[in-house]
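> Before I ask anything, let me first share the structure, which is written out below as structure tokens.
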Amino acid sequence: MFFFLHSHGGSPLRGRCRPFSGDIVVDTSLAIVGAGPYGLAVAAQARRLGMDPIVLGEPMGFWREHMPQGMLLRSGPDWHLDAAGVHTFEAYLAQRGIDPVDVDPIPVDLFVDYATWFQEVAGLQVRREFVTALRRTDDAFDVELEGGDRLSAAAVVAAPGISHFTNTPHRAVAGLRPDRVTHTCFLTEVDRARDARTLIIGGRQSAFEWAALLADAGVEAVHVVYRHDTPEFTAADWRFVDPMIHQTLAVPGWFRRLPAERRDAIARQFWSVGRLTLEPWLTPRMPDGIVHRHPRTEVMSCVEQPNGEIRVELSTGEVLLVDHVVLATGYRADIDAVPYLRELSGLESVDGFPVLDEGMQTSVPGLFLTGFAATRDFGPFFGFVRGCPAAAEIIGSELARVLPSPPVLV
Ligand SMILES: Cc1cc2nc3c(=O)[nH]c(=O)nc-3n(C[C@H](O)[C@H](O)[C@H](O)COP(=O)(O)OP(=O)(O)OC[C@H]3O[C@@H](n4cnc5c(N)ncnc54)[C@H](O)[C@@H]3O)c2cc1C
């Protein structure tokens, strides 16, 4: 077995805890649920605007726990977290004396280190605890933490990322025991795959990224099975996104007001750069004798044999014998799958996405949602780090409008 579900660690509390007993241990104007790129970016902007947010969650938890070690980013050094454009990834590299050309492509660990630096220079308070439930009271949110404490917050920004939205649609694996099949989101310790034979279902970036990582780890064989043609292996160029981010900031509601055909065209453009082209550095890491590509092919069935092997039947009639199945089948929004949002009444959604206003506020007044959950209303760029500064700016301005002004110290 070479895959693990990670747990999150606890740590000493760092909020403004009230020392007396009582249910609510912290009163705050702003709680930010999620300490990934979006949560940190919004928190930094809120602080810049004079607020004192409390961030909840494991800093860069998704990147540490759900991205495999050794993974290389597809995004470049110009993508960062700072709405003010000061504490950028490039500024971090300069401060560390690292030449950007020496870290191209960017290793995931380096970006995580940047986010840690960002958290420090922005002076963010992160309370490394998970939220179990969010409830609306008359004039605030009651935020319940896994340790039993509760916070009261006037406004909440939730940045749940994508880990709740794994898409596992494949009927062919329905009969397999759960420990024989893993979504890429939960397959991070690939070096433990040595000597195993793996079937990867899916043929986009994550499928080939994981095939390369498994081959690096010394796996015996990887079969990548996908219904379409083999994608083109060429460097992605994301510059087309910049004017769209500019428009998003210049014209409130820009994306949602575009004609449906234009929105579809943007989504397709994103799809074709993000999914239909694959980074060329993957090619040499996928030797033909190890990584077997099966384009225009479907997996018909996967059945565990008495000796433990999994017998895979393909639509071509070919039969494979493997030890594990990996689903590289991506993510699909389903806001009801975010556990801490389940007790909130009045949270409207369409196609699994929350309905957001132009300030990224949900139908529950005072609750904002950002990141991938905002892509339906704000555009596909909000599923990536590129959207962080814009999200921080949009939500920050809205918070500054709706929250009481911070006290002026004299
Ligand atoms: C394989 C892979 C490669 C990628 N490569 C890139 C890339 O190269 N460039 C790029 O821009 N993007 C990339 N992405 C997308 C990237 O993951 C997102 O852009 C980014 O993580 C979104 O940030 P986020 O803050 O919305 O969510 P996340 O990073 O997922 O952060 C979620 C946060 O929520 C916290 N949390 C979860 N549950 C709770 C709870 N109950 N209470 C409190 N906190 C909670 C977590 O601890 C974490 O801090 C990649 C994604 C994958 C899967």
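> Given (1) of a type in the set (K, R); (2) over 21 Å from the mean Cα position of the chain (by Cα); (3) open to solvent by less than 30 Å² (accessible area, probe 1.4 Å), where does R127 come up short, assuming only one miss?
For R127, the failing item is (2).
> Please give the number of the condition V156 fails out of (1) closer than 26 Å to F382 by Cβ; (2) surrounded by fewer than 23 Cβ atoms within 10 Å (Cβ to Cβ).
Condition not satisfied by V156: (2).
> Residues of the stretch 360-405 being within 21 Å of the chain's Cα centre (by Cα) and away from the ligand (no atom under 16 Å from the Cβ), which ones?
Hit for the stretch 360-405 is Q361, nothing else.
> What are the residues in the stretch 131-140 that are crowded, with 17+ Cβ neighbours inside 10 Å and either within 14 Å of the ligand (Cβ to nearest atom) or among the hydroxyl-bearing types (S, T, Y) (or both), if any?
Listed by number, the residues that qualify are V131, L134.
Conditions (1) among the acidic types (D, E); (2) part of a strand (DSSP E or B); (3) free of Cβ contacts under 8 Å to residues at least 24 places away in the same chain; (4) under 19 Å from E65 (Cα atoms), marked per residue:
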{"position": "C185", "(1), (2), (3), (4)": "no, no, no, yes"}
{"position": "D195", "(1), (2), (3), (4)": "yes, no, no, no"}
{"position": "L199", "(1), (2), (3), (4)": "no, yes, no, no"}
{"position": "G203", "(1), (2), (3), (4)": "no, no, no, no"}
{"position": "S206", "(1), (2), (3), (4)": "no, no, no, yes"}
{"position": "A215", "(1), (2), (3), (4)": "no, no, no, no"}
{"position": "G218", "(1), (2), (3), (4)": "no, no, no, no"}
{"position": "W238", "(1), (2), (3), (4)": "no, no, no, no"}
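> All but one of (1) within 15 Å of the ligand (Cβ to nearest atom); (2) of a type outside the set (F, W, Y); (3) part of a loop (DSSP other than H, G, I, E, B) hold for T230, so report the exception by its number.
(1)
> Of all residues being within 30 Å of D323 (Cα to Cα) and among the β-branched types (V, I, T) in the stretch 217-253, which is surrounded by the fewest Cβ atoms within 10 Å (Cβ to Cβ)? Just the residue, please.
T230
> Run L347 past the list (1) within 16 Å of the ligand (Cβ to nearest atom); (2) open to solvent by less than 30 Å² (accessible area, probe 1.4 Å); (3) not in a helix (DSSP H, G or I) and report the number of the one that doesn't hold.
That leaves (2) as the condition not met.
Results for (1) within 30 Å of T375 (Cα to Cα); (2) open to solvent by 40 Å² or more (accessible area, probe 1.4 Å); (3) out of contact with any helix residue (DSSP H, G or I) (no Cβ under 8 Å at 6 or more places or on another chain), shown as yes or no for each residue.
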| position | (1), (2), (3) |
| --- | --- |
| R256 | yes, yes, no |
| R263 | yes, yes, no |
| S272 | yes, yes, yes |
| L282 | yes, no, no |
| I290 | no, yes, no |
| R293 | no, yes, yes |
| T297 | no, no, yes |
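> Sticking with this structure for a sec: Among the numbered conditions (1) within 12 Å of the ligand (Cβ to nearest atom); (2) modelled with pLDDT under 95, tell me where D23 comes up short.
Just one mismatch for D23, condition (1).
> Testing R171 on (1) of a type in the set (K, R); (2) modelled with pLDDT of 85 or more; (3) away from the ligand (no atom under 16 Å from the Cβ); (4) under 30 Å from F353 (Cβ atoms), one condition comes back false. Which one is that?
(2)
> Something else about it: For the stretch 142-201, which residues satisfy the criterion of being basic (K, R) and under 30 Å from R47 (Cα atoms)?
R150
> Take the stretch 50-79 and flag every residue that is away from the ligand (no atom under 14 Å from the Cβ) and either surrounded by fewer than 17 Cβ atoms within 10 Å (Cβ to Cβ) or within 30 Å of L278 (Cα to Cα) (or both).
Once the filter is applied, which keeps residues that are away from the ligand (no atom under 14 Å from the Cβ) and either surrounded by fewer than 17 Cβ atoms within 10 Å (Cβ to Cβ) or within 30 Å of L278 (Cα to Cα) (or both), the stretch 50-79 yields G50, D52.
> Could you give me the residue pairs with C-beta distances under 7 Å whose first residue belongs to the stretch 148-168 and is closer than 17 Å to P59 by Cα and of a type in the set (S, T, N, Q), whose second residue is open to solvent by less than 40 Å² (accessible area, probe 1.4 Å) and within 13 Å of the ligand (Cβ to nearest atom) wherever it lies, and which are 6+ apart or on separate chains?
S163/H66; S163/C185
> Mind listing whichever residues of the stretch 80-118 are under 23 Å from A328 (Cβ atoms), open to solvent by less than 30 Å² (accessible area, probe 1.4 Å) and out of contact with any Leu (no Cβ under 7 Å at 6 or more places or on another chain)?
V112, the sole residue that qualifies.
> Considering only the stretch 342-392, how many residues are among the polar types (S, T, N, Q) and modelled with pLDDT under 95?
The number of residues fulfilling the criteria is 1.
> I've got another one for you. Looking only at the stretch 186-208, filter to residues that are in contact with a helix residue (DSSP H, G or I) (Cβ under 7 Å, 6 or more places away or on another chain) and at pLDDT 90 or above; which one of those is nearest to V326 (Cα to Cα)?
Going through the qualifying residues, I end up with I200.
> To continue, here is another question. Can you tell me which residue in the stretch 141-153 is farthest from the ligand (Cβ to nearest atom), limited to those that are part of a strand (DSSP E or B) and open to solvent by 40 Å² or more (accessible area, probe 1.4 Å)?
So the residue we want is R150.
The values are calculated or read from the model by the stated rules, or taken from the named source; none is laboratory data. Just so you know, these numbers come straight off a predicted model, no measurement behind them. Note that we place each Cβ from the backbone using ideal geometry, even for glycine, and neighbour counts take in every protein chain shown. Quick note on the areas: whole protein, heavy atoms, side chains included, nothing else; ligands and nucleic acids left out. Shrake-Rupley method; radii C 1.70, N 1.55, O 1.52, S 1.80 Å.
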